[in-house]
Amino acid sequence: MKVDILHEDADIIVCVKPYGMPAQGDKSHDTDVLSYLKNYIFEKDELDEEPYLAMVHRLDRPVGGIMVFAKNQEAAANLSDQVQDGGMIKFYQAVLTGELPDEFGTLEDYLVKDGKTNMAKVVQKGTKGAKHAELDYEVLDVFETDNGILTYVLIQLITGRHHQIRVQMASRGAGIYGDTKYNPIFAKTKRRYQQIALFATRLEFEHPTTREHMVFKCEPEGEAFEVIELDEF
């Protein structure tokens, strides 16, 4: 798979992660975005040793979209701080199998990650290990199909918890289209690492050196989003 590069300078590299490619190396040993970019820099700059490159935020394997990587330790520290303090703004587009209660809204929950299953779940506040999860959403369109309602939404991620968007939407009966982990409609699908209709479509942050406000956009693509054109599943 090819990784499209949107921007590169001495401090950062911004790219579009393809659906199905891990953001970093995992037990599958499949090519991951971090290794791909390191090899790209190594060959482009004709280096004698592996370049420094740090991942400062994540996208799940079946999710596509925009990511920024740091090319030095100073940039990595700065961008990580922006992630932690909310200075990095992340928008997603998604297709849901169901309806949300309002045209605009905020979802707040407490989530716990199960390390054995690599899944998260909504729990009561005060549960051991629970972390606050928050996102804002706007309904862009609603489609009536022979198999039920599909909702097209824009999401701003306020906190960045494990599988957060997928868990919070599924807990409202409106799981992500194609999500075999959390959406019961697709739970019996055997296809491994299927694309899901969740895409990181906009990323904003302050450049770690120049302090310029950077904005990157990319419209979702791939078969997971074709469903809103086909109106069927």
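Structural remarks
Residues checked against (1) assigned to a strand (DSSP E or B); (2) charged (D, E, K, R):
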residue	(1), (2)
E43	no, yes
D81	no, yes
Q84	no, no
G87	no, no
H132	yes, no
V142	yes, no
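- From the options K2, K17, residue that is of a type in the set (K, R), without any contact (Cβ under 8 Å) to a residue 60 or more places away in the chain and closer than 21 Å to E221 by Cβ: K2
- Checking A75 against (1) at pLDDT 95 or above; (2) among the small types (G, A, S); (3) surrounded by fewer than 20 Cβ atoms within 10 Å (Cβ to Cβ), the condition it does not meet: (3)
- Filter result (β-branched (V, I, T) and assigned to a loop (DSSP other than H, G, I, E, B)) within region 46-79: V56, V63
- One residue alone among V153, V167 is β-branched (V, I, T), crowded, with 17+ Cβ neighbours inside 10 Å, modelled with pLDDT of 95 or more and assigned to a strand (DSSP E or B), and that residue is V153.
- A search for C-beta distances below 8 Å between a residue of region 196-219 that is at negative phi and loosely packed, with under 11 Cβ neighbours inside 10 Å and any residue that is at pLDDT 95 or above and part of a loop (DSSP other than H, G, I, E, B), counting only pairs 6+ apart in sequence or on different chains, returns H213/H207.
- Pick from region 114-125, criterion under 18 Å from D26 (Cα atoms) and charged (D, E, K, R), ranking: modelled with the highest pLDDT: D114
- All positions within region 161-180 that are in contact with a helix residue (DSSP H, G or I) (Cβ under 7 Å, 6 or more places away or on another chain) and over 12 Å from A94 (Cα atoms): T180
- Being loosely packed, with under 15 Cβ neighbours inside 10 Å, within 28 Å of L135 (Cβ to Cβ) and under 15 Å from the mean Cα position of the chain (by Cα) is a property that Q24 has.
- On the stretch given as region 20-71, residues that are over 23 Å from I158 (Cα atoms) and either hydroxyl-bearing (S, T, Y) or in contact (Cβ under 8 Å) with a residue 60 or more places away in the chain (or both) total 8.
- For S171, the conditions (1) among the polar types (S, T, N, Q); (2) farther than 30 Å from P208 by Cβ; (3) more than 19 Å from the chain's Cα centre (by Cα) are fulfilled apart from (3).
- Among all positions in region 64-72, there is at least one residue which is at positive phi, crowded, with 18+ Cβ neighbours inside 10 Å and either at pLDDT 95 or above or within 20 Å of the chain's Cα centre (by Cα) (or both).
- Residue selected from region 180-203 under the condition in a loop (DSSP other than H, G, I, E, B), of a type in the set (A, V, I, L, M, F, W, C) and within 18 Å of N118 (Cα to Cα), by the criterion modelled with the lowest pLDDT: A187
- Residue in region 100-123 that is loosely packed, with under 15 Cβ neighbours inside 10 Å, part of a helix (DSSP H, G or I) and in contact (Cβ under 8 Å) with a residue 60 or more places away in the chain present: no
- Yes/no for L150 being touching a residue at least 40 places away in the same chain (Cβ under 8 Å), farther than 20 Å from L34 by Cα and within 19 Å of the chain's Cα centre (by Cα): no
The values are calculated or read from the model by the stated rules, or taken from the named source; none is laboratory data. None of the values given here were measured: they were computed from a predicted structure. Here Cβ is always computed from backbone atoms with ideal geometry, including for glycine, and neighbour counts include all displayed protein chains.
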